[in-house]
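Some notes on the structure that comes next.
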Amino acid sequence: MSLENIASRRNRILLRELVVTDFKLRYQGSVLGYLWSVLKPLFLFAILYIVFDKFLRLGRDIEHFPTYLLLGIILWQFFTEATAQGLQSIVNRGDLIRKINFPKYIIVISGTISALINLVINMAVVVVFCVFSGVQFHPEVIFIIPIIIELYVFALAVAFFLSAINVKYRDVGYLWEIFLQAAFYATPIIYPLQMISKQMSGVEKWLLMNPVAQIIQDVRYALVTTDTITLWSAVTNWKVVVPFFVVVIVAILGSVYFKKNQKYFAEEI
């Protein structure tokens, strides 16, 4: 076995151990343990559903709105969890970085994979909701896989960028938390995009330039209801590629910036 193969196998083992450790430590000492990965989005869903559907009646025109809402919450929580964990990953593993020489990107990937495991568990819950809600599955459901991959790539790219910056500037975590709070309301998660379209025609096109908004709407269309405004139905010109272009640009910039700065991590942590 060549040295390259040995190093590759070592990196895979290290990645697996980091993922397992991250997932175990997250719920260590908790009575309900791994159930919290499902209960957290469900509790948030229950609160938002009661407020926005029962009281404000925002989802009355959307078929299967409870499942529609839950799906948006779960996808958004994955993005926030993956980026937040990725942001802190290098700093939290400072002792390991100073002791062992290995590719630092493994640490960031391990944090996002832990979030991805939670997403898979929660998506299984959504499928159960779909079955009990009488959602009719269409052939378009197969497109969920590449769309989720797009979301993971975008979250990982952002995590690479933020984790490298956070080594030098620890205020990044607080700023990112504030940004996510604002972005939550700027993304069509708790309100249907149809409502915004009726009140301010054309705004939906700009909201869908956000890759996360585009992804959430596409997954809703493929899994829950075709009565969903997507990028493909709202935009008919070259702007349809903007969210994908953003993902590619962020992925390139994030990986380049991380690679450029990773050699200084051990000294700056």
Boolean, residue 211 is at negative phi, under 21 Å from the mean Cα position of the chain (by Cα) and at pLDDT 95 or above:
yes
Looking at the range 5-26 only, could you name the residues that are at pLDDT 80 or above and open to solvent by less than 50 Å² (accessible area, probe 1.4 Å)?
14, 15, 18, 19
Does the range 187-207 contain at least one residue that is of a type in the set (S, T, N, Q) and either under 16 Å from the mean Cα position of the chain (by Cα) or modelled with pLDDT of 90 or more (or both)?
yes
Residues of the range 231-251 satisfying the condition of being surrounded by fewer than 20 Cβ atoms within 10 Å (Cβ to Cβ) and without any contact (Cβ under 8 Å) to a residue 24 or more places away in the chain:
232, 233, 236, 237, 238, 240, 241, 245, 248, 249
Is it fair to say residue 214 is assigned to a helix (DSSP H, G or I), over 27 Å from residue 107 (Cα atoms) and either open to solvent by 80 Å² or more (accessible area, probe 1.4 Å) or touching a residue at least 60 places away in the same chain (Cβ under 8 Å) (or both)?
no
Pick out the one residue from 124, 82 that is open to solvent by less than 10 Å² (accessible area, probe 1.4 Å) and of a type in the set (Gly, Ala, Ser).
82
Would you be able to say whether some residue in the range 162-169 is open to solvent by 40 Å² or more (accessible area, probe 1.4 Å) and touching a Leu at 6+ places or on another chain (Cβ under 7 Å)?
no
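Could you please let me know if residue 153 is of a type outside the set (Ser, Thr, Tyr) and open to solvent by 20 Å² or more (accessible area, probe 1.4 Å)? Show your work before the answer.
On the way: of a type outside the set (Ser, Thr, Tyr): yes; open to solvent by 20 Å² or more (accessible area, probe 1.4 Å): yes.
So residue 153 passes the test.
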Taking the range 94-108 as the search range and keeping residues that are in contact (Cβ under 8 Å) with a residue 60 or more places away in the chain and basic (Lys, Arg), which one is surrounded by the fewest Cβ atoms within 10 Å (Cβ to Cβ)?
98
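Can you find, within the range 127-145, the residue that is nearest to the chain's Cα centre (by Cα) among those that are open to solvent by less than 30 Å² (accessible area, probe 1.4 Å) and farther than 19 Å from residue 155 by Cβ? Outline the logic, then answer.
Of the range 127-145, the ones open to solvent by less than 30 Å² (accessible area, probe 1.4 Å) are 130, 135, 144.
If we keep only those that are farther than 19 Å from residue 155 by Cβ as well, we get 130, 135.
Numbers: 130: 21, 135: 24 Å.
Here the answer is 130.
The values are calculated or read from the model by the stated rules, or taken from the named source; none is laboratory data. On a predicted model such as this, the values are computed, not experimentally measured, just so you know. Here the Cβ is made from the backbone with ideal geometry for all residues, glycine too, and neighbour counts use every protein chain on show. Ligands, DNA and RNA are excluded from the accessible area calculation, which covers all protein heavy atoms including side chains. Shrake-Rupley method; radii C 1.70, N 1.55, O 1.52, S 1.80 Å.
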